[in-house]
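Beneath this line is the structure, given in structure tokens, with notes to follow.
The values are calculated or read from the model by the stated rules, or taken from the named source; none is laboratory data. No experiment lies behind these values; they were computed from the predicted model shown. Quick reminder, even Gly has a Cβ in these numbers, built from the backbone with ideal geometry, and neighbours come from all protein chains shown.
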Amino acid sequence: MNRKKAFQIIVTLPVVVYSLLLILIPIVYVLFLSFLKSDSFGGIEYQFTLENYLMIFDIIYIKILLKSFIIGLLTTFICICISYPFSIFLMDKSETKRNLLIKLVMIPFLTNSLIRTYGWIVLLRKSGVVNTTLSSLNLIDKPLNLMYNNLGIIIGMVYTLLPFMILPVYSAVSKIDARVIDAAKDLGANKIKRFIHIIVPETLAGVFNGSLMVFIPAIGYFFISDILGGGKIMIVGNLIKNQFLTARNWPFGAAISIFLIVFTFLLIRIYKKIGGKLDELGGL
Amino acid sequence: MEKVIIRLENVSKKYDKDYVIKNLSLDIYDGEFLTLLGPSGCGKTTVLRMISGLEAVTEGKIYLEGEDITDVSPIYRAVNTIFQNFALFPHMTVWDNINFGLKMKKVPVDIAQKRIKDAISLVKLDGYEKRYPSELSGGEQQRVAIARGIVMNHKVLLLDESLCSLDLKLKREMQVELKKLQKKLKMTFIYVTHDQDEALTMSDRIAIINNGTIEQLGSPREIYHHPKTLFTADFIGESNIFKAVVKKVSKDIAYVVTKEGLLLEVDNNEYQIDDKLTLIVRPENIQIVNKQSSNTYIGKIINYIYDGALAKMEVKFGDEKKALKVTLFDDKNYEDDSQVYFKIPKESITILGDNNE
Amino acid sequence: MEKKNKTLRNLFIILVYTFLYLPIVILVVFSFNASKMNIVFTHFTFEWYAKLFQNKDLLEAFRNTMIIAVVSTAVSTVIGTMSAVVLQKYDFKGKDLVNKLIYIPIVIPEIVLGIALLSVYTLFHLNLGMFTLILSHIAFSIPFVITSVRSTLTQLSPTYEQAAYDLGAGKIRTFFDVTLPLIMPGVISGGTLAFTLSLDDVVISYFTAGPGSNTLPLKIYSMIKTGITPDVNALSSLMLLVVIIVLVSITYIQSKSIQKRGKV
């Protein structure tokens, strides 16, 4: 009996140590930091303050937050608009074909995202592939501004995060019983009605799963806004990065991070409310 | 006196606060085929799992050949189970599956090989050694599961609804084969099922389990012809059940009147007037006759069904609220709505005392 | 009408794949381009691949990336698999908390985990470098392994383990002989995910890398800002090739073993 207990403790230890040391303590420490004062030299004063949280509501930062949210929402929306028809159209194919096609969605995502983002520079810049192609076809007179602006960031975000939407949406769509769709057809529902009354309700949790996995990273991926926004456009990710590495105001950076965590937890709550499962998040 | 191999002594099992098994005692004899029969949720599988050790006993003792094994882990118990869905290890070949238990017991390789070969030919799977379970049919998988159990040379094999995932024809074949195998090996088989046909065909004895207790224990014949409780009568085969009151007694015969108003003669068993009785009559014991005699009434045939071997029908009688279930083996055709005399022979009536609610 | 519809549908699917593959194809194409500018294709050359093997910085970053990915994948696959099994089988104090905590790295923005780890490393005076990088990669990989293993574990019927006990196998024996082979698909896909996440990671590495511990993504990130030479294209193409080979072989091995053993 004792040996059994000892064995149990030994095998349980790693997961407990891991979750405390590398998850709980870091997060709690960030929470702790967020209530401290920063001095002007990038150090920390051990004095309680709510200043950092109040600072988030400064108009400069509110603007950054809003901008990030809009970029995040737009990215999510575009990803949904691509994933739905894509998944539905894929259902026409045979099962082996579908499995192959879904694998093909994952492959680019498994290669380095920076490298792929760099690929977009080659495509989108003024002297890039898209512009030179268009002008050699005499479709444009002067090169289009496709990057170093919001458009560039959104293209980059959609590109980087699209698989996270396609996979859960596809898996939800593929689980719909084909006979249900046939029954709806039989009862006289046209394409749009079938989409609204059957496909959407049946896939809601999948879409929300995808939305979480797109929206949350999208407000944090500073490197995409850095590279394709030309460093002019700040999203929350850039803001936090700057507080920790350039401005060295850790407490403020910590406060924004805590704000993001709380926001994320709220979204997860909603996700669970509509019947989503935690284990399906980020499951690829 | 037969030798007891497994003894359950006042065994109880509690989940949270509810008893699933209450004070159950049962002696299982060496070499018998015992079936635990009951509806789903009655606790029969729990009994089996307590014998195998996969379920802990809350109260009571379990003995194997006189030795208390109540707290022995399933890993060391000298009994083996054939699981409901066989639980063959999908990543191992037939050979490796059968070898698994021997490997665990560190049986020397040469002996193990011989035993595996014997087990394989016993279940007629020669040539299948290198196949994986997914390459086998349901019946073949069943045989591998059996071989994996019997190769251990233990005295007791536990079978948990082991045939219920097979289709009907295969099930019938396997029933016969299982019974033959058990006879040949002289092993004790403890079989759990909710299927009464299966229980009646294969068992030496049947224990009817209901609500965590043994309702009746006996040979298939006893259980079928002499049900001791209403539950058994109702669960095994079809029955016509009457509530009746004793009106008059003579030396050998008691005269009773059923709730429906039938006056019936039954064997007297020291009944008193006004005793309340429950009468049970199997449908195949009711006769359709030409002329009126004792225990004979007139009725109207409804729902006549003929299936080649026998004819099933219902006969409405009296105020036509109640219908009797009747099964006939003769080939005479009856029309629905035709009037007939039906006879309930005195000898075929099983009587339960009024303690049955 | 129906036919036209079908063509439109296929066209849409093709467009999505074009979008997904265009940047990658462009990179590969330009890795064979003689011109130093990634603008017009002049003529075919292997020059950049040759140059690549003289670029010490890039090669070192590549080496670091591979070490981090291999070590962190090995550690997180072992711990993650163990954790998934333990969390399913045992009850212990604080299990609910642990169960909640392990989802945090999956759901919160990576940058938050990055700065949180950086803060704690600073608190404990850990020097940023290979060690902190590996630790951080383990930190974000374990939850993905756990969820992946758990999904196969919950589908696994408990009767396999019971059958093993019934046949006399002890707990540890049962785990290695029966449970582990049966949950292997989950372990492999969890490990693959950990490996690719590690190869790809920019955000968390950005905060937890030290001066002497550049990873390839970090190196590329700084090069993008200063100017990229086509040897980066060459390296990217090579890495792409590696990932594809790894993926294809894993898929092949899995499909073969599934064919043989049937569905678990």
For helices (runs of 4 or more DSSP H) lying entirely in the range C:1-105, having 2 or more residues that are of a type in the set (A, V, I, L, M, F, W, C) and more than 22 Å from A:V15 (Cβ to Cβ) picks out C:2-30, C:47-52, C:56-89
In the range A:1-28, anything of a type in the set (A, V, I, L, M, F, W, C) and more than 22 Å from C:S72 (Cβ to Cβ) is listed as A:M1, A:A6, A:F7, A:I9, A:I10, A:V28
On the basis of being closer than 21 Å to C:L193 by Cβ, more than 8 Å from chain C (Cβ to nearest Cβ) and not basic (K, R), does A:N112 make the cut? no
Checked the range A:217-231 for anything facing chain C (nearest Cβ under 9 Å) and assigned to a loop (DSSP other than H, G, I, E, B); matches are A:I219, A:G220, A:Y221, A:G231
Scanning the range B:92-113 for residues that are buried (at least 21 other Cβ atoms within 10 Å of the Cβ) and over 21 Å from B:I51 (Cβ atoms) gives B:V94, B:N97, B:I98, B:N99, B:L102
Scanning the range B:114-131 for residues that are under 17 Å from B:G101 (Cα atoms) and over 29 Å from the mean Cα position of the chain (by Cα), the one surrounded by the fewest Cβ atoms within 10 Å (Cβ to Cβ) turns out to be B:K114
Practice task
For B:N269, state whether it is exposed (fewer than 15 other Cβ atoms within 10 Å of the Cβ) and touching a residue at least 60 places away in the same chain (Cβ under 8 Å).
Solution key: yes
- Query: Residues in the range B:219-238: is at least one aromatic (F, W, Y), closer than 30 Å to B:V57 by Cβ and surrounded by 15 or more Cβ atoms within 10 Å (Cβ to Cβ)?
  - Reply: yes
Picked from the range B:221-263 (must be under 30 Å from B:D204 (Cβ atoms) and among the aromatic types (F, W, Y)), the residue farthest from the chain's Cα centre (by Cα) is B:F231
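Being polar (S, T, N, Q) and in contact with a Cys (Cβ under 6 Å, 6 or more places away or on another chain), is that true of even one residue in the range B:237-250?
no
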Per the filter on the range B:312-326, residues farther than 10 Å from B:I302 by Cβ and buried (at least 17 other Cβ atoms within 10 Å of the Cβ) are B:F317, B:K322, B:L324, B:K325, B:V326
Within the range B:1-57, of all residues that are in contact with a Gly (Cβ under 9 Å, 6 or more places away or on another chain) and of a type in the set (S, T, Y), the one farthest from B:K155 (Cα to Cα) is B:Y19
Checked the range C:130-170 for anything within 14 Å of chain B (Cβ to nearest Cβ), surrounded by fewer than 18 Cβ atoms within 10 Å (Cβ to Cβ) and part of a helix (DSSP H, G or I); matches are C:Q155
Exactly one of C:L117, C:L87, C:L97 is more than 7 Å from chain A (Cβ to nearest Cβ) and at pLDDT 90 or above, and that one is C:L97
Yes/no for A:K97 being assigned to a helix (DSSP H, G or I), more than 10 Å from every other protein chain (Cβ to nearest Cβ) and at pLDDT 90 or above
no
Of the listed residues (C:L153, C:L113, C:L123, C:L97), the one being in contact (Cβ under 8 Å) with a residue 60 or more places away in the chain, of a type in the set (A, V, I, L, M) and under 23 Å from A:L33 (Cβ atoms) is C:L113
Residue hits (the range C:37-50; closer than 20 Å to A:I121 by Cβ and either at pLDDT 85 or above or surrounded by 13 or more Cβ atoms within 10 Å (Cβ to Cβ) (or both)) are C:N38, C:I39, C:F41, C:W48
Contact list, first residue from the range B:213-238 and closer than 29 Å to B:D18 by Cα, second anywhere and buried (at least 18 other Cβ atoms within 10 Å of the Cβ) and among the small types (G, A, S), beta-carbon distance below 8 Å, six or more apart or interchain, is B:I214/B:A207; B:E215/B:G38; B:Q216/B:A207; B:L217/B:A207; B:P227/B:A233; B:P227/B:S239; B:A233/B:S239; B:F235/B:G38
Filter the range B:7-57 for residues that are in contact with a helix residue (DSSP H, G or I) (Cβ under 7 Å, 6 or more places away or on another chain) and of a type in the set (G, A, S); the one that is surrounded by the most Cβ atoms within 10 Å (Cβ to Cβ) is B:G38
Pairs returned, first residue in the range C:214-240 that is more than 9 Å from chain A (Cβ to nearest Cβ), second residue that is of a type in the set (G, A, S) and in a helix (DSSP H, G or I), beta-carbon separation under 7 angstrom, 6 or more apart or interchain, are C:N214/C:A61; C:T215/C:A61; C:T215/C:S205; C:K219/C:A61
Sole miss for C:F175 among (1) in a helix (DSSP H, G or I); (2) away from chain B (no Cβ under 14 Å); (3) of a type in the set (F, W, Y) is condition (2)
**Request:** Answer yes or no as to whether A:Y118 is hydroxyl-bearing (S, T, Y), in a helix (DSSP H, G or I) and either within 7 Å of another protein chain (Cβ to nearest Cβ) or touching a strand residue (DSSP E or B) at 6+ places or on another chain (Cβ under 6 Å) (or both).
**Result:** yes
Taking the range A:1-39 and the residues there that are assigned to a helix (DSSP H, G or I) and basic (K, R), the one that is surrounded by the fewest Cβ atoms within 10 Å (Cβ to Cβ) would be A:R3
Among B:P133, B:P74, the single one that is modelled with pLDDT under 90 and assigned by TED's automatic domain parsing to the domain that holds B:G31 is B:P74
Taking the conditions exactly as written (of a type in the set (A, V, I, L, M), closer than 21 Å to A:L204 by Cα and touching a helix residue (DSSP H, G or I) at 6+ places or on another chain (Cβ under 8 Å)), does A:I107 satisfy them or not? no
Note: among C:S83, C:S31, C:S72, just one is more than 30 Å from C:L135 (Cβ to Cβ), in contact (Cβ under 8 Å) with a residue 60 or more places away in the chain and among the small types (G, A, S), namely C:S31
